[in-house]
Amino acid sequence: MLLKSSNQPTLLSRVRQHSLWLAFTLFLLFSGMTLFIVFALEDAVFKDQLKQTYHIIQQGGSLPANMTLVTQTDTFTLSDSEQLKYFEFDAHFGEFTQGDQHFHFMKTDLGVLLLNSSELGIISRAIDDILVILLLMLLPTLLLTYWFSNKLSEKALRPFSKIHHALAAEHLHINEVKATLSDIEEQDIQLITKKLVDALEQKTHLLQQQIAFNQGMAHEIRTPLQVMSHSMELISASAPELASLKSYHRLDKAIARMHRLSSALLWLTSDAREQHTTQVRHVLDTVLSESQALIALHQIDVRINEPDPPKTLSLPIPEVVLELVILNLLTNVIHHCQTSEADKYWQISISQSQIRFCNPTVQTPNDTSAHDNFGLGLQLVAALMDKFNVGFEAQQNNLVFSISLRVNKPLP
């Protein structure tokens, strides 16, 4: 799969999230504007009362009970905080608080006309109800915004979703991606998808060439391998004294490994769907028995851990392939475990569901990945395990490199 499900956010979830934040921000903005407008209307009413009272005074009328005319304007000053809190665009009007009472005033040529608005402020007394109404409107606003953003996001991101589903399929088919591409009208997404399809086609073509090359090489080397095997048998029969030489045994083991490698490459590039069941412990004992001289030469301490009583572990792999995998891991321990000869060990833990191979390394987890040190061999193991639906995992923790092969659920 190109993409795998995770808890990380997607493009659709981000659009929904930002839409909700936008709705919440706009709600707060318009709520503040609503409160500002309501208080501004109340101030306009008080200013109109002050203006009407001023005209009445000019015509010789009397002041209402809640108004006072202050003639000593020199003593009438406002603090900076009150001027900032009750900001007015008109310099002739203003308001301030003194004790438990609130006043509005208007500057006139007769003095300062004060209006005691403590009992007249309808909005101030109803502010709790206004806030409750605004809070009650918040929930349906967010729900409506979520529904609208969900529908809008799905419609706006529909082309992207089509491409995502086509590319995230378990079995990617270029023709299906092309068919999806033909249904997309958006030019920018079409261009990006076309570039991606071209890259996938090129990669598929190169992969097919590599598979064909591997198949050809695997087939071609089988004939000289058979000739070499027959020649070794003839040499052993005609000159028995040569069969006891170490060089003869090394050549025989090299030919056997080439046979395994050829068979593994043929399995790797084959489309055949066959059922295999191989007992892991039997193959492991065979490989360790054949490699005793190699293990002793490099002073590798082989440790096998099994439950008591032992559990039978079988993997759906051909026996020759599992032999090649275990031999490859042993070779990697010899050449790439990055520790002294005296400290080399190969710990093999077998359970009912997996087999785990561990070896030490002096490399720290922050340095170059240990996967790189194992070269192409580790990639070949991973490819073979994927071919036969066997779980494969390579990790490095606390200067120990481990590889696990586990039983996966059967493919549908």
For ARG257 and ASN398, FRET efficiency with R0 = 25 Å and r from the beta-carbon atoms, rounded to 0.05?
-> 0.15
Just in the stretch 250-339: which GluC sites (Glu not before Pro) are loop by DSSP and have at most 12 other Cβ atoms within 10 Å?
-> GLU274
Ignoring ligands and nucleic acids, what accessible area does THR10 show with a 1.4 Å probe (Å², nearest 10)?
-> 80 Å²
Under the 7 Å Cα-to-Cβ spin-label approximation, MET137 and TYR345 lie apart by a distance in nanometres of 7.3 nm
Sort GLU95, GLU233 by accessible area with a 1.4 Å probe, largest first.
-> GLU233, GLU95
Sorting LEU322, LEU29 by accessible area (1.4 Å probe), largest first, what list results?
-> LEU29, LEU322
Residue-level accessible surface for LEU196, protein heavy atoms, 1.4 Å, Å² = 70 Å²
Between beta-carbons, use under 13 Å as the cut-off and find the net charge around GLU393, counting Lys and Arg +1, Asp and Glu -1.
-> +1
Enter the accessible area of TRP21 (Å², nearest 10), with the probe set to 1.4 Å and all protein chains included.
-> 140 Å²
What does the charge count near ARG16 come to, summing +1 for each Lys or Arg and -1 for each Asp or Glu among other residues with Cβ under 14 Å from its Cβ?
-> +2
Would you mind getting me the FRET efficiency between ARG406 and HIS282? Use the beta-carbon distance for r and R0 = 22 Å, nearest 0.05.
-> 0.75
Accessible surface ranking that places the most exposed of ARG158, ARG250, ARG16 first, with a 1.4 angstrom probe | ARG250, ARG158, ARG16
Within straight cross-link reach of LYS178, meaning Cα distance under 30 Å, which lysines are found once same-chain residues fewer than 8 apart are removed?
-> LYS4, LYS151, LYS155, LYS162, LYS194, LYS195, LYS203, LYS387
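The values are calculated or read from the model by the stated rules, or taken from the named source; none is laboratory data. The model shown is predicted, which means the values in this text are computed figures rather than measured ones. Note that each Cβ is placed from the backbone with ideal geometry, even for glycine, and that neighbours are counted across all protein chains shown. Note: areas computed on protein heavy atoms with side chains; ligands, DNA, RNA excluded. Shrake-Rupley method; radii C 1.70, N 1.55, O 1.52, S 1.80 Å.
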